[in-house]
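Student: Have a look at the structure that comes next, please.
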Amino acid sequence: MKYDILIIGAGTAGMSCAITAAQRGLKVGVIEKSHYYGGALHWSGGHMSAGGTRLQREKGIEDSVEKHLKEIYQINNKSGDIDLIEKAAHEAPKTIEWLDEIGMEWAPECPRIIYGHVAYETARTIYGPEKAMSIYKVLAPLWDEQVAKGNIECHFENTFIGLDKLNDRFDTVVCDTENEERRYQGRHIVITSGGYGSNPAYFQQKHPDIPLVSSCYPTATADGHIILEKQGAKFRFGEYHLPSLGGMEEEEGSGRCDFNQAWAMVLTSVYRNPRDIYVNANGERFIAEDEINPEKRELATMQQPDWCFWVIFDEDGLTSNDENGNHNPIIIGRTVEEMKAEAAKENAMCMAGSIKELADKTGLPSETLRKTISGYNSMVETKSDPDFGRTYLEDPIKSPPFYALKVHASVLVTFGGIKVDADLRILGGEGKPMPGLYAAGEVLGLGSTSGSSFCSGMAITPALSFGRILGRTLS
């Protein structure tokens with residue numbers, strides 16, 4: 001089976017690449033390990049960003065590519081692959097315009113400033129009402145149309161296991177299926193196989209000192225990384241790794257959490273003033289719980305044992321409403337009854353009639369925990385936090401039952417990835433392109449397009465953009 005372009009992975013970057021190339025009349029083959037297409041579009045929050053979009057203009061927001069880049073560099077201290085970041089920022093408005101043209105529905109509140117990461121100064125983050133599924137729903141008809149025309153052939157349940165080449169140019173992909181090994185040929189091979197957050201062994205190889213609790217898409221298992229590195233490709237930007245705060249390991253020891261189903265609102269205090277305190281494994285506070293900056297919170301958590309902490313609160317903290325009259329619970333979207341049911345399981349969350357019993361259930365040192373809570377309650381009375389400077393001091397922890405929610409610094413996306421040049425050609429030994437091989441999407445690593453910080457929209461937007469670039473330039 002020989003194709004003009006052979007793509008590994010039918011996710012965000014793979015779909016945009018395949019559709020764009022097929023619309024040009026090229027013969028496109030796609031290798032996909034699961035039995036359906038879309039990849040992490042079925043999973044992701046779908047945040048995108050671009051400077052100077054129609055949505056911004058309609059709301060009177062002045063923005064540009066140059067302003068977007070300036071703010072990215074303010075957030076990440078001009079780290080990452082500058083060529084790729086600038087390529088992504090310049091292409092982003094074209095990608096958003098393309099989505100507009102094919103009927104993308106945008107959430108009515110967009111564009112907006114998102115505070116789950118270090119925030120842009122300008123409202124430019126956009127997404128659909130169904131998160132990334134809104135993207136999927138406008139891409140799927142284009143994909144199906146090209147499949148019907150015979151321009152795209154997708155080989156499902158094919159696991160990428162190797163590469164081969166002819167006359168020093170890579171032209172063959174080797175796959176494992178349920179019954180046999182298969183080989184596919186392509187004049188150009190584009191690797192869009194995703195990240196590595198769902199491969200604990202590979203993650204620990206790259207980050208030996210980092211505990212892994214992952215909410216990454218289940219097929220993000222480093223298939224492309226492993227094979228490309230065996231062929232001489234270079235891995236980079238693993239040192240930029242930053243976690244996301246809020247993951248609840250509902251099954252203790254599983255190493256898995258689910259951003260969409262069970263996540264604690266601890267990534268910033270912008271959306272929820274804390275009615276609780278955070279304590280580490282020693283039973284001690286380590287940060288002002290009303291800190292706004294997500295990265296400061298992430299870095300502080302990275303200094304704690306096992307990169308996790310307990311959120312401690314009482315019955316009033318569980319049931320009371322915020323200053324706007326909203327319940328605004330610590331677990332996003334959960335009712336009081338649902339959180340009590342979670343506590344009854346005594347996995348991620350537990351409850352107790354006394355502080356000592358709570359310490360026994362969590363394994364926290366009883367006397368230290370008691371002193372920490374007592375000290376905090378005194379701060380509520382005096383309206384002063386001499387330890388960390390917390391200013392929101394409205395809710396003492398005095399009314400039993402008492403609750404503890406264990407929160408992990410979790411992995412939503414992986415920062416390390418395969419090195420490419422400005423033309424998205426995969427680089428091997430001595431920094432030279434590996435003929436026939438290209439890459440886009442999370443296989444490049446978030447560090448490539450976002451640098452050492454989370455920059456809103458700099459994962460999905462570059463994935464779509466780089467896929468489209470390869471789809472329209474390779475022939």
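Student: Could you list, in sequence order, the residues of segment 332-374 that are under 19 Å from ARG256 (Cα atoms), open to solvent by 60 Å² or more (accessible area, probe 1.4 Å) and aliphatic (A, V, I, L, M)?
Tutor: Within segment 332-374, ILE332 is the sole residue that qualifies.
Student: Please indicate, with yes or no, whether at least one residue in segment 89-112 is open to solvent by 30 Å² or more (accessible area, probe 1.4 Å), at pLDDT 95 or above and under 24 Å from THR414 (Cβ atoms).
Tutor: no
Student: Which count do you get for residues in segment 35-53 that are over 12 Å from the mean Cα position of the chain (by Cα) and of a type in the set (Gly, Ala, Ser)?
Tutor: The number of residues fulfilling the criteria is 6.
Student: Within segment 258-269, does at least one residue satisfy the condition of being without any contact (Cβ under 8 Å) to a residue 12 or more places away in the chain and either open to solvent by 10 Å² or more (accessible area, probe 1.4 Å) or more than 21 Å from the chain's Cα centre (by Cα) (or both)?
Tutor: Yes, some residue in segment 258-269 is without any contact (Cβ under 8 Å) to a residue 12 or more places away in the chain and either open to solvent by 10 Å² or more (accessible area, probe 1.4 Å) or more than 21 Å from the chain's Cα centre (by Cα) (or both).
Student: Any chance segment 270-283 includes a residue that's open to solvent by 30 Å² or more (accessible area, probe 1.4 Å), closer than 20 Å to CYS216 by Cβ and out of contact with any strand residue (DSSP E or B) (no Cβ under 8 Å at 6 or more places or on another chain)?
Tutor: Scanning segment 270-283, I find no residue that is open to solvent by 30 Å² or more (accessible area, probe 1.4 Å), closer than 20 Å to CYS216 by Cβ and out of contact with any strand residue (DSSP E or B) (no Cβ under 8 Å at 6 or more places or on another chain), so the answer is no.
Student: Just to be sure, is VAL118 among the aliphatic types (A, V, I, L, M), crowded, with 20+ Cβ neighbours inside 10 Å and out of contact with any Gly (no Cβ under 9 Å at 6 or more places or on another chain)?
Tutor: For VAL118, the condition - among the aliphatic types (A, V, I, L, M), crowded, with 20+ Cβ neighbours inside 10 Å and out of contact with any Gly (no Cβ under 9 Å at 6 or more places or on another chain) - is met.
Student: Mind listing just one residue for me: the one in segment 287-307 that is open to solvent by less than 30 Å² (accessible area, probe 1.4 Å) and over 21 Å from the mean Cα position of the chain (by Cα) and, of those, farthest from PRO386 (Cα to Cα)?
Tutor: That would be GLN304.
Student: Take the residues in segment 171-229 that are surrounded by fewer than 17 Cβ atoms within 10 Å (Cβ to Cβ) and in contact with a His (Cβ under 8 Å, 6 or more places away or on another chain), then tell me which one is farthest from PHE160 (Cα to Cα).
Tutor: That would be ILE210.
Student: Quick check on segment 371-381. Is at least one of its residues closer than 22 Å to GLU298 by Cα, modelled with pLDDT of 95 or more and not aromatic (Phe, Trp, Tyr)?
Tutor: yes
Student: On the basis of being out of contact with any His (no Cβ under 8 Å at 6 or more places or on another chain), closer than 18 Å to ARG468 by Cα and in contact (Cβ under 8 Å) with a residue 12 or more places away in the chain, does LEU163 make the cut?
Tutor: Against the criterion (out of contact with any His (no Cβ under 8 Å at 6 or more places or on another chain), closer than 18 Å to ARG468 by Cα and in contact (Cβ under 8 Å) with a residue 12 or more places away in the chain), LEU163 does not qualify.
Student: For segment 114-133, check the following and say yes or no: at least one residue is touching a His at 6+ places or on another chain (Cβ under 8 Å), under 29 Å from GLY417 (Cα atoms) and charged (D, E, K, R).
Tutor: Within segment 114-133, one or more residues are touching a His at 6+ places or on another chain (Cβ under 8 Å), under 29 Å from GLY417 (Cα atoms) and charged (D, E, K, R).
Student: Kindly indicate which of GLY445, GLY457, GLY428 is in contact with a helix residue (DSSP H, G or I) (Cβ under 9 Å, 6 or more places away or on another chain) and more than 26 Å from ASN76 (Cα to Cα).
Tutor: GLY428
Student: A further question on this structure: If you take the residues of segment 64-83 that are in contact with a Gly (Cβ under 7 Å, 6 or more places away or on another chain) and open to solvent by less than 30 Å² (accessible area, probe 1.4 Å), which of them is nearest to GLY9 (Cα to Cα)?
Tutor: Once the filter is applied, the top-ranked residue is GLY80.
Results for (1) hydrophobic (A, V, I, L, M, F, W, C); (2) closer than 30 Å to ASN260 by Cα, shown as yes or no for each residue.
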{"position": "VAL413", "(1), (2)": "yes, yes"}
{"position": "TYR438", "(1), (2)": "no, no"}
{"position": "PHE454", "(1), (2)": "yes, yes"}
{"position": "GLY467", "(1), (2)": "no, yes"}
{"position": "GLY471", "(1), (2)": "no, no"}
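Student: Of all residues in segment 123-145, which are open to solvent by less than 10 Å² (accessible area, probe 1.4 Å) and in a loop (DSSP other than H, G, I, E, B)?
Tutor: ARG124, GLY128, ALA132
Student: Please name all residue pairs, on different chains or six or more residues apart, with Cβ atoms under 6 Å, provided the first residue is in segment 290-305 and is under 14 Å from VAL407 (Cβ atoms) and the second residue is open to solvent by 40 Å² or more (accessible area, probe 1.4 Å).
Tutor: Listed by first residue and then by second, the contacts come to PRO294/HIS117; ARG297/GLU291; PRO305/ALA281.
Student: Starting from residues that are in contact with a strand residue (DSSP E or B) (Cβ under 8 Å, 6 or more places away or on another chain) and in a helix (DSSP H, G or I), keep the ones in segment 19-56 and report whichever is most open to solvent (accessible area, probe 1.4 Å).
Tutor: LEU55
Student: Considering only segment 236-257, state which residues are open to solvent by 50 Å² or more (accessible area, probe 1.4 Å), in contact with a strand residue (DSSP E or B) (Cβ under 8 Å, 6 or more places away or on another chain) and modelled with pLDDT of 95 or more.
Tutor: ARG256
Student: A further question follows. Is segment 273-286 home to any residue that is assigned to a helix (DSSP H, G or I), at pLDDT 95 or above and more than 26 Å from GLY255 (Cβ to Cβ)?
Tutor: Checked segment 273-286: no residue is assigned to a helix (DSSP H, G or I), at pLDDT 95 or above and more than 26 Å from GLY255 (Cβ to Cβ).
Student: Right, here's the next one. If you check GLU86 against the conditions, is it open to solvent by 70 Å² or more (accessible area, probe 1.4 Å) and either free of Cβ contacts under 8 Å to residues at least 24 places away in the same chain or in contact with a Lys or Arg (Cβ under 6 Å, 6 or more places away or on another chain) (or both)?
Tutor: So GLU86 does not fit the description; no.
The values are calculated or read from the model by the stated rules, or taken from the named source; none is laboratory data. All of these numbers come straight from a predicted model, not from anything done at the bench. Glycine gets a Cβ as well: all are built from the backbone with ideal geometry, and neighbour counts include every protein chain shown. When the accessible area is computed, the model is the full protein with side chains, heavy atoms only, and any ligands, DNA or RNA have been set aside. Shrake-Rupley method; radii C 1.70, N 1.55, O 1.52, S 1.80 Å.
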